[in-house]
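Peer 1: Take this structure first; my questions come after.
Quick note: the coordinates plus some simple rules give every number you see, no bench work behind them. The structure presented is a predicted model; accordingly, all values stated were derived computationally and were not measured. Note that each Cβ is placed from the backbone with ideal geometry, even for glycine, and that neighbours are counted across all protein chains shown.
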Amino acid sequence: MTRTPFYADVQSHYDLSDDFFALFLDPTRTYSCAYFEQDDYTLEQAQIAKIDLALGKLDLAPASTLLDVGCGWGSTMVRALDTYPDLSVTGLTLSRNQYEYVNQLLDRHGYTDRAEVRLQGWEEFDGSVDRIVSIGAFEHFRHERHAAFFKFARAALPPKGRMLLHTIVLYPFGYVRDMGIPCTKEDIQFFRFIRDVIFPGGQLPFPEKAGFPGVKDFAEGAGFRVERMHALQQHYARTLDCWSTALSEKRAEAIELCGEATYDTYMKYLTGCAGYFRQGSIDVMQFTCVADDSV
């Protein structure tokens, strides 16, 4: 049975305004946790370092095929095409704005002969590829589709094929309590605000089993071996700081584009999330998954 992707939920956020997002994202328009490999990196350098970190875990070979699930504004696609000779890349996005932007980006870089972007969800993709990368999209899939996503990914990959999944994760209440991290009524209200206002339908997974299966468990259940779980928690706190600072500096432009209420909403979202990453109640991880028929 083919499930319909959550187009409306995704477009309600990502199709707000490309110009608005450009006010606070780096020039590559990468909208996920950066990797400040060196402390003096600019946000753009740190975003490229994050992309290189993810691609480096895939063991990409020349003339191989890569599927980017949730390709955003195309920065991972272009970096992969720039770095790996003869690589073919397919990007999937549910955002119409991103689809149109990436088409123009690929044309501008001269990559239309070995790359394409589709306005399509993974639920609608029926091809096979050598590698899969997904950065910042899993949070939109909802819990009830996590097992199906990993089953899809395993079926699309050959034996020993690799997938790099980069996602925000939520730690269970028991862990948060044991770490001495407070959980107040205001905290619950903030997470509801993120779920209902910023990312409608979004649901954060646990990294591994904590009452119900987490990312690692779903991966293993589908026939993957999880080679590494790489936490980048404090890198996201710093990324969000960069975004909120940039947006505050462009306050007038943001209000002109989308109104004061939207500006205030995004400042609440960016600064609030930075605090939760900093205190440790949420994290962001890269899961290196290797297709292994022996699992």
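Peer 1: Can you work out the Karplus-derived ³J(HN,Hα) for every residue in the range 236-253? Use 6.51 cos²θ - 1.76 cosθ + 1.60 with θ = phi - 60°, whole Hz, and x for glycine or proline.
Peer 2: Once rounded to whole Hz, the list reads 6, 4, 5, 4, 5, 4, 4, 5, 5, 5, 5, 5, 5, 6, 10, 3, 4, 5.
Peer 1: Continuing with the same structure: Most mobile of L92, L67, L270 per a Gaussian network model of the chain (Cα springs, under 10 Å)?
Peer 2: Comparing L92, L67, L270 in the GNM, the peak value goes to L270.
Peer 1: Let me know the charge dipole size of the range 7-291 about its Cα centre in debye, to the nearest 20, where only the beta-carbon of Lys, Arg (+1) and Asp, Glu (-1) is charged.
Peer 2: 880 debye
Peer 1: Return the loop-located trypsin sites (Lys or Arg not before Pro) in the range 149-236 (DSSP other than H, G, I, E, B) with at most 16 other Cβ atoms within 10 Å of their own Cβ; answer none if there are none.
Peer 2: K160, K209
Peer 1: Run the reach check for K250 against aspartates and glutamates, Cα to Cα strictly under 16 Å, same-chain hits fewer than 8 apart removed. What comes back?
Peer 2: Here the aspartates and glutamates satisfying the reach criterion relative to K250 are D18, D19, D26, D241, E260, D264.
Peer 1: Explain nothing, just compute: Karplus ³J(HN,Hα) = 6.51 cos²θ - 1.76 cosθ + 1.60, θ = phi - 60°, for every residue of the range 145-158 in order, whole Hz, x for Gly and Pro.
Peer 2: Using θ = phi - 60°, the values come out as 10, 4, 4, 5, 4, 5, 5, 4, 4, 5, 5, 7, 9, x Hz.
Peer 1: Under 5 Å between amide hydrogens, which residues at least 5 positions from Y111 or on another chain qualify, with H placed 1.01 Å from N in the peptide plane?
Peer 2: Distant-sequence amide H within range of Y111: zero hits.
Peer 1: Specify whether the C-alpha gyration tensor of the range 159-295 places it in the rounded, prolate or oblate class, a ≥ b ≥ c being the square roots of the eigenvalues: rounded for a/c under 1.5, otherwise prolate if a/b is larger than b/c and oblate if not.
Peer 2: Verdict is prolate for the range 159-295.
Peer 1: Could you run the Karplus curve 6.51 cos²θ - 1.76 cosθ + 1.60 with θ = phi - 60° over the range 125-135 and give me ³J(HN,Hα) per residue in whole Hz, x for Gly and Pro?
Peer 2: Along the range 125-135, the couplings run 8, 10, x, 10, 9, 7, 9, 10, 10, 9, 10 Hz.
Peer 1: What are the residues whose amide H is under 5 Å from the amide H of V89, where those residues sit 5 or more places off or on another chain and H is modelled from the backbone?
Peer 2: L66, A115, E116
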